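Nothing in this text is a laboratory measurement; each read-out follows from the coordinates by a stated rule. Quantities reported herein were computed from a predicted structural model and do not represent experimental measurements. We place every Cβ from the backbone using ideal geometry, glycine too, and count neighbours over all the protein chains shown.
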Amino acid sequence: MLRNLKVGLFFIFAFFFSSCVPFTKAEQSSHPDFVTLQQGDQIGQTFVARYDGLQGISLFLKSNEINSGNLSLELFEENERTAPLREVSLSSDSFSSPGFYEFTFQPIPASTGKIFYFQLSSTDGGSIKVGSAPGNTYLSGAQYYNDSAQNSQSAFRLDYRPLAAFGGLIKEVFRWLWLLCAAFVLFALPGWAALTWLYPPWSSTDWFSKLALSIGIGIALYPILFLWTNTIGINLGYLYAWIPPILALISIVFHSLQKRQRQADSEEHYADKTVPQKTKKRGWEERFPDIIFALLMLLVIFTRFWPIRVLDAPMWGDSYQHTMITQLLVDNGGLFSSWLPYAELDSFTYHFGFHSLAAVVQWLTKISVIQSTLWTGQILNIMAIFALYPLAMVIGKSKWAGILTVVIAAFISPMPMYYLNWGRYTQLAGQVILPVVTVIIWSNLDSREGKAKWYSLIWLGLAGLVLTHYRVTLFIPLFYVAYFLLNFRAVSPLETIKKTALHVVGVVILVIPWGVRVFQGTLPNIFGTQITASPVETTQTNEVFNTIGDITGYLPIYLWILAAACILIGIWQHNRKNNIFSLWWIFILLAANPNWLRLPGSGILTNIAVFIAAYIPASLIISAGIVAVLFQVDRIPGGDKFTGEYPAERKKLKYLLTSGVLSLGVILISVWFILPRIRSIQPAQHALLTRPDMRASSWINENLPADGKFLVNSFFAYGGTLVVGSDGGWWLPLTTVRLTSQPPLTYGSEHSIHPDFVAATNSLVALIEENGIDSKIVISELKKREFSHVYIGQQQGQVNASGPPILNLDKLLNSPAYDPIYHEDRVWIFEILE
């Protein structure tokens with residue numbers, strides 16, 4: 001903790017209050033090897049600046065002899081290597097010992113995100129050694145020797161002018177605000193409008209819960225709108241981003257005017273009567289939890305946006321298919337069937353809620369689809385935390401429960417922050433809707449009212465969840481079971497069954513058009529196989545696909561222990577809502593492991609889907625338990641609508657002291673965990689598409705035929721049933737609109753324009769693995785399948801791969817069948833010769 005606080009304080013004071021001393025970003029500091037620079041030679045490096053105000057480059061240098069000569073460094077913009085932006089020299093007298101030596105120049109104002117190239121040369125004879133490291137130690141460039149790219153990286157650091165960098169960050173913050181405002185308009189406004197008309201407890205709901213509920217319902221509305229407009233033969237295109245917010249705004253204004261009119265009529269009716277008006281003013285002790293919650297959400301926003309500020313694309317294989325689906329939605333103005341020109345598939349049965357959100361964000365903001373996918377994912381990462389607040393208010397009966405839930409889920413738990421590494425955006429979108437629709441269902445089941453508008457709101461929420469994520473939807477039926485079992489005496493069983501049946505009927509009607517489409521695909525066959533598998537087959541399947549693994553990878557061990565203890569506290573205190581919630585998630589765990597009960601169905605709901613969502617029950621159960629121990633939750637002024645009585649003065653003092661200490665604690669804990677959460681994002685291990693790959697894509701678009709077809713790095717996954725890409729070559733259909741050997745992962749569940757497409761795709765990878773890329777049988781097969789080029793990306797086939805890449809660079813270079821036509825950074829492109 002002390003170390004993280006020191007780092008934070010150093011950053012604040014050194015960065016924000018220093019205007020003269022540059023701050024340094026260590027881009028690539030390792031130097032296990034050296035490259036010798038002699039007169040007449042040049043050593044270069046491509047790189048991407050992370051901030052504005054680039055004013056220096058520090059290189060690790062080691063003198064080779066007494067007189068090493070003077071060194072000259074020239075800095076170029078990547079596309080303009082003829083005229084240097086800056087030139088600077090260092091005398092040999094400076095190199096007293098091995099270390100980093102800085103070449104300082106006039107600051108470059110707008111350097112954030114730009115590609116630069118520096119070239120180092122010796123001007124007065126002699127030689128010097130430049131620190132070097134393997135090629136995989138830096139993502140955004142490579143070392144060059146005499147203008148030839150090497151599979152290595154220079155040891156270098158970048159220096160920035162603090163005031164210029166700070167000014168650039170301020171501009172970025174405004175961009176963050178713009179994207180958040182766009183998200184509010186797109187998601188919160190439609191949800192708010194729906195809730196004002198359809199949610200009976202709306203008027204008694206606190207403001208933060210209203211906003212969270214609105215976001216969840218707003219997100220659920222878009223896939224329903226996409227589905228039904230497509231069903232009647234209309235794709236609205238960019239109007240999907242404009243019609244819902246505009247209609248929502250009109251609806252909200254109309255509802256507000258109608259409410260004011262009712263109030264005016266009521267005042268006129270009682271004009272001749274003396275009616276005492278009791279206005280309860282909220283004291284600071286009631287506002288204080290709201291202030292703390294708002295501060296925490298600002299920290300959440302920073303933690304989620306900071307790691308992606310210079311990220312070129314969403315990461316890992318899931319992100320590729322999510323971006324492609326979003327691109328197809330944008331291209332077609334709505335739902336589609338054909339995946340051309342990006343993939344040779346001609347059915348679409350994948351859940352599409354997240355992709356509809358990314359599409360409307362792109363239509364409204366006009367950022368690229370790749371960036372829209374990335375930023376929408378992180379906006380949902382923020383909303384997934386925010387959406388837990390109203391459910392925490394239900395279970396913990398206190399705003400402090402909501403605050404503690406945010407601290408645990410956003411900062412202490414590695415999930416859902418870690419979803420960024422995987423691009424697990426569809427499940428994340430589902431987990432924004434899940435707690436919101438749970439609150440609405442719960443309130444409806446508890447209520448004695450059966451208003452039709454309440455049911456219609458539940459239908460919208462559940463239907464949106466179905467279209468957003470199939471597996472997260474499976475969580476919901478288990479909630480009804482837990483509620484029924486623990487509420488058997490408190491609520492009429494027949495009434496619960498009646499309401500549940502009405503919920504189901506409405507949802508089924510709303511998703512029927514999508515169900516028809518899904519049943520024409522291969523997903524029913526896949527699920528049917530899983531349901532009918534015997535317990536013996538289920539056990540064998542679990543060993544491959546459904547293992548739980550190390551549970552501390554999902555949550556720290558102390559959170560697991562605390563969650564178990566707080567479940568016991570809930571049972572001891574007879575906290576009905578906490579007990580229902582706990583039993584619900586126990587049922588979810590059993591549903592992911594039916595083999596424990598000797599039942600079939602393993603794989604329908606997977607352990608990975610359950611355990612990466614464990615931050616939800618852990619944060620809510622722990623927060624409710626802590627609040628129950630620290631406070632009398634039914635008597636505190638920071639409580640929610642269920643708390644009515646103000647505590648006695650002596651208890652009020654205890655509350656104020658406890659809440660003050662708690663506030664300080666949650667802020668300190670949150671700040672402590674910001675750095676670990678940011679550091680958990682690992683582009684070097686998870687990024688497929690990098691800046692060098694994007695440069696290569698631009699070269700392809702300018703220099704190669706539009707009908708080119710590329711062989712790219714792939715490897716077998718999912719127990720050898722499917723193949724996946726392992727570097728930036730997988731993204732070529734999106735960056736160049738050219739087909740590759742590796743379709744999106746959905747090729748295993750969608751129909752193709754070619755018969756036996758899955759077998760054909762897999763067999764090519766198997767053939768290369770068995771015979772080698774330079775074998776005659778492989779070359780003949782590539783020509784038969786009309787491949788024109790081979791692409792090796794910046795990551796060179798090593799992302800998530802357990803073995804060597806199928807595209808062996810040495811074999812390609814030594815084979816007469818392949819001609820290298822492009823080599824920049826670590827990216828290679830070969831033409832397959834006739």
Quiz prompt | Loop GluC sites (Glu not before Pro), segment 765-827 (other Cβ atoms within 10 Å of the site Cβ: 10 or fewer; DSSP) | solution = none
Quiz item: For segment 444-535, rounded, prolate or oblate, judged on the Cα gyration tensor with a ≥ b ≥ c (square roots of eigenvalues), a/c < 1.5 rounded, else prolate if a/b > b/c?
Solution: oblate
Practice problem: Give the whole-number value, in cubic angstrom per residue, of the convex hull volume spanned by the C-alpha atoms of segment 90-145. | Solution: 128
Quiz item: Where Rh denotes the Kirkwood radius from the mean inverse Cα pair distance, what is Rg over Rh for the chain?
Solution: 1.00
Quiz prompt | Cα long-axis angle, helix 425-446 against the chain (0 to 90 degrees, to the nearest 10) | solution = 0
Quiz item: Against the longest alpha carbon principal axis of the chain, how many degrees, from 0 to 90 and to the nearest 10, is the axis of helix 576-592 turned?
Solution: 40
Exercise. State, to one decimal in nm², a quarter of the convex hull surface area for the C-alpha atoms of segment 380-442, i.e. the direction-averaged projected area.
Key: 3.9
Practice problem: Mind grabbing the base-10 log of I(q)/I(0) for segment 349-456 at q = 0.11, 0.14 Å⁻¹? Debye formula, identical points on the C-alpha positions, no solvent, two decimal places. | Solution: -0.44, -0.67
Self-check item: Anisotropy class of segment 439-481 from Cα gyration tensor, a/c 1.5 cut
Solution: oblate
Quiz item: So what's the back-of-envelope 222 nm ellipticity for the chain, counting only DSSP H runs of four-plus at -39500 (n - 2.57) apiece and dividing by all residues, rounded to 500?
Solution: -17000 deg cm²/dmol
Quiz item: If exposed trypsin sites (Lys or Arg not before Pro) are those in a DSSP loop with at most 12 other Cβ within 10 Å, what is the longest stretch of the chain that has none?
Solution: 1-272
Self-check item: In degrees, nearest ten, helix 649-679 long axis to first principal axis of the chain (Cα)
Solution: 20
Quiz item: With Cβ to Cβ distances under 11 Å as the rule, what net charge do the other residues near Ser492 carry (K, R +1; D, E -1)?
Solution: +3
Exercise. Quick one: of Lys709/Lys811; Lys114/Lys709; Lys210/Lys399; Lys171/Lys399, which pairs are farther than 25 Å apart, Cα to Cα?
Key: Lys114/Lys709; Lys171/Lys399
Exercise. Take segment 309-391, compute every pairwise Cα distance, and split them into 5 Å bins from 0; I just need the percent in each bin.
Key: 3, 14, 25, 23, 17, 10, 5, 2, 1
Quiz item: Residues with beta-carbon under 11 Å from that of Leu688, excluding Leu688: net charge, scoring Lys, Arg +1 and Asp, Glu -1?
Solution: -4
Self-check item: Extreme residue, positive dipole direction of the chain, given options Ser97, Trp363, Met297 (C-beta unit charges)
Solution: Met297
